[in-house]
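**Q** Before I ask anything, here is the structure I am working with.
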Amino acid sequence: MPESAARVFARLSTDEPIADTETVLGRAVVLGGSIAGMLAARVLSGHAESVVIIERDELPSSAQRRRGTPHDGQLHTLMHGGRMQLERFFPGFGQQARAEGAIVTSAMNIRAYADGVQKVSDGKMGLISSSRPFVESLIRRRTLDLPNVKVLTCRAKGLVFEGDAVTGVRCADENDEWIEDADFVVDATGRASKLSDWLEAGDWQRPAMRRMAIDINYTTGIFAREPGDPALAAAIAYRTPSTAPPRVATAAITAIERDRWLITIANYGRQEPIKGVDEFRALCAADQPPIYREAASGEPAGELLTYRQAESRRRDFHLLKRFPARLIAVGDAVASFNPVYGQGMSSAALHASALSDYLRSGPDLDEPAYRFFAMQRAVVDAAWQISTSADLARPDVNGPYPRGYRFSSWLINQIVDASVVDQRTAVRFNSVTYMRTHPSTLVKPSTLARAFRVNRGKPV
Ligand SMILES: Cc1cc2nc3c(=O)[nH]c(=O)nc-3n(C[C@H](O)[C@H](O)[C@H](O)COP(=O)(O)OP(=O)(O)OC[C@H]3O[C@@H](n4cnc5c(N)ncnc54)[C@H](O)[C@@H]3O)c2cc1C
């Protein structure tokens, strides 16, 4: 009998150290040196004699923004599920992040507000609070410290196929074009990945793409804060979707390294851009918890940064019937979601966990990695379900609605409502939205029965 998605998810989100790795590959090549690429390289380092990461950007040695990741100035929360995998791949990751300036919070330093009402804390799940370049740079340094991993600065332009497998990558820089030989290739080039085109050019099937329009606008400001660890280090305030999309649909704040606050305001649809720091501060002061106004009153560190994402999208590799051996894809190249739910980096970490599971299972590498894609699917489906079911509740989103949507969204709303006031429901709900457990855990009869009682004011 096939393993259920919930069981696969549970196995991939283990916190067990990675053991029993065996070198089964000569040279592995990873395309893209961002979060998903570095994590895949970390896993491959235990199974390949050498790992080469092909990245078009010259990678900085410290926490700096870069061209290849234009979204990296926006708020990035590393969810609990992703954080656990990072500890697994890089023991002591949280401690190192703290020593280098991140704020490592307990659940008590985080607040969430639903329509202005402060939600009960889950009491369990903390965060690493930092900028995205900080977390990426720490992952990068830990990966590149591995003796058999190196970076090549150039652009990947296509794949070389021989028989039923990938055997190389076409690369180019300003002066030259050449082929990098590979025994295994991982595409981690992000949401604009060209892998589907490269497959088609090699007479392979291209994966179907699923899309859901979201039309989200992010505006982020960074402001000076008092030195030291603040009592409240991260907060998110969101509004129930309404017919007139509000100027602030979600506002999130996080204390970041070097004594700064990073505040992001997100809204939907065709709205006027936020015009400068004065309007940004006014929006933080109006209708938001007091911490937003206080944080935005500090000295601004640079200009406001904006980012728009038109859609969530996923490429369904798991449905392909004809796929070359020795090739997989990970991270946003497979699925990227509405960023407001903060799932991307944790998804990438769980894809790396699936790669580790696959390679440790002694696969026949001359066969397509269908088993890998089946495991990855459990992660993609879970994140897609959380992100799209919340987006489908917005009046400006017109589907596509999955079968049984009305009933399932009514059930989930019971849990969401109960999680505002009931700690045990909050633990279960957050552990799903923080990508620690599979969404099916929310529809257990005992969880639902408790939520119904809470929402009707009955004793639990
Ligand atoms: C506005 C915004 C906010 C977000 N907030 C969060 C959050 O709070 N929490 C969270 O977990 N996630 C968040 N995400 C998602 C997160 O950024 C990604 O999921 C995560 O970075 C994993 O991405 P990736 O490594 O797959 O791809 P990317 O980060 O996009 O990296 C792709 C890499 O490939 C390189 N590349 C591309 N093409 C080529 C080529 N042909 N040759 C060589 N190199 C190439 C690029 O230069 C880049 O380095 C957010 C995303 C956005 C857009």
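**Q** Distance from a point 7 Å along Cα→Cβ of Glu299 to each backbone N in the stretch 255-270: keep the residues under 18 Å and list them by number.
**A** 256-263
**Q** Can I ask one more? On a 0 to 90 degree scale, rounded to 10, what angle separates helix 80-89 from the longest Cα axis of the chain?
**A** 40 degrees
**Q** Defining a contact as two alpha carbons under 8 Å apart and six or more residues distant in sequence, what relative contact order in percent does the stretch 401-455 show?
**A** Values: 42 pairs, mean separation 22.1, N = 55.
40 percent.
**Q** Using packing as a proxy for protection, rank 175-187, 356-368 so that the peptide with the highest average count of other Cβ atoms within 10 Å comes first.
**A** 175-187, 356-368
**Q** Provide the gained length on full extension for the span Arg258 to Asp197, in nm with one decimal, where the gain is 0.36 nm per separating residue minus the Cα-Cα distance.
**A** Values: separation 61, 0.36 × 61 = 21.96 nm, distance 4.24 nm.
So the chain would gain 17.7 nm between Arg258 and Asp197.
**Q** If you don't mind, there's one more thing I want to ask. Please report, as a whole percent, how much of the solvent-accessible surface of the chain comes from carbon and sulfur atoms (probe radius 1.4 Å).
**A** C and S atoms contribute 50 percent here.
**Q** Once you put a point 7 Å from the Cα of Ala19 and another 7 Å from the Cα of Lys321, both along the Cβ direction, what distance in nm separates them?
**A** 4.3 nm
**Q** Next question. Leaving out ligands and nucleic acids, and using a 1.4 Å probe, what accessible area per residue does the stretch 378-460 come to in Å²? Intermediate values should be presented prior to the final figure.
**A** Numbers: 4230 Å² over 83 residues.
With the other protein chains kept in place, the stretch 378-460 gives 51 Å² per residue.
**Q** State the extension gain, in nm to one decimal, for the chain segment bounded by Thr441 and Lys458, taking 0.36 nm per residue of separation less the distance between their alpha-carbons.
**A** Contour length minus Cα-Cα distance gives 3.9 nm.
**Q** Can you quote the Å³ per residue value for the convex hull of the Cα atoms in the stretch 401-455, rounded to an integer?
**A** Value for the stretch 401-455: 80 Å³ per residue.
**Q** I've got another one for you. Where in the stretch 274-316 does the label zone of Ser62 land, with the point 7 angstrom along Cα→C-beta and an amide N cut-off under 17 Å?
**A** From the stretch 274-316, the list is 302.
**Q** Now for a separate question. Just the Kirkwood number for the chain, please: inverse of mean 1/r across all distinct Cα pairs, in Å, one decimal.
**A** 22.8 Å
**Q** Separate question: Tell me the label-point distance for the pair Glu162, Val117, using the 7 Å Cα-to-Cβ offset, in nm and rounded to one decimal.
**A** It works out to 6.4 nm between the two label points.
**Q** Could you state the number of Å between the C-alpha centres of the stretch 185-221 and the stretch 269-332?
**A** Each part's Cα centre sits 18 Å from the other's.
**Q** As I understand it, the value is the acute angle between the Cα axis of helix 132-144 and the longest principal axis of the Cα atoms of the chain; what does it come to in degrees, rounded to 10?
**A** Here the helix axis deviates by roughly 30 degrees.
**Q** To make sure I understand the rule: partners must be lysines, Cα under 30 Å from the Cα of Lys194, and not fewer than 8 residues away in the same chain. Which ones qualify?
**A** Result set, ordered by chain and number: Lys150, Lys157, Lys321.
**Q** If you don't mind, another one. May I ask you to derive the FRET efficiency for Ser409 and Ser50 from their Cβ-Cβ distance with R0 = 56 Å, giving the value to the nearest 0.05?
**A** Given R0 = 56 Å and the Cβ-Cβ separation, E is 0.70.
**Q** Let me ask something additional. Label Asp145 and Tyr370 with points 7 Å out from Cα along Cα→Cβ: what is the distance between them in nm?
**A** 4.0 nm
**Q** Between the helical axis of 423-433 and the dominant principal axis of the chain, each derived from Cα atoms, what acute angle in degrees is found, rounded to the nearest 10?
**A** 40 degrees
**Q** How long is the gain from Ala208 to Lys124 if the chain were fully straight, where each residue apart is worth 0.36 nm and the alpha carbon distance is subtracted?
**A** Details: separation 84, 0.36 × 84 = 30.24 nm, distance 3.87 nm.
Between Ala208 and Lys124, full extension yields an extra 26.4 nm.
**Q** Mind listing which trypsin sites (Lys or Arg not before Pro) in the stretch 396-455 are in a DSSP loop and have 11 or fewer other Cβ atoms within 10 Å? Before the final figure, lay out the partial values.
**A** Details: sites: Arg403, Arg406, Arg424, Arg428, Arg436, Arg450, Arg453; in loops: Arg403, Arg436.
Taking the stretch 396-455 and a limit of 11 other Cβ atoms within 10 Å, the loop trypsin sites (Lys or Arg not before Pro) found are Arg403.
**Q** Place the peptides 219-231, 316-328, 12-24, 375-387 in order of packing, highest mean first, counting for every residue the other Cβ atoms within 10 Å and averaging per peptide.
**A** Per-residue mean Cβ counts within 10 Å order the peptides as 375-387, 316-328, 219-231, 12-24.
**Q** Shifting gears a bit: Give the relative contact order (percent, whole number) for the chain; include only Cα pairs under 8 Å separated by 6+ residues.
**A** Details: 934 pairs, mean separation 95.9, N = 460.
Answer for the chain is 21 percent.
The values are calculated or read from the model by the stated rules, or taken from the named source; none is laboratory data. Here the structure is a predicted model, which is why all the values come from computation and not from measurement. Note that we place each Cβ from the backbone using ideal geometry, even for glycine, and neighbour counts take in every protein chain shown. For accessibility, only protein heavy atoms count, side chains too; no ligands or nucleic acids. Shrake-Rupley method; radii C 1.70, N 1.55, O 1.52, S 1.80 Å.
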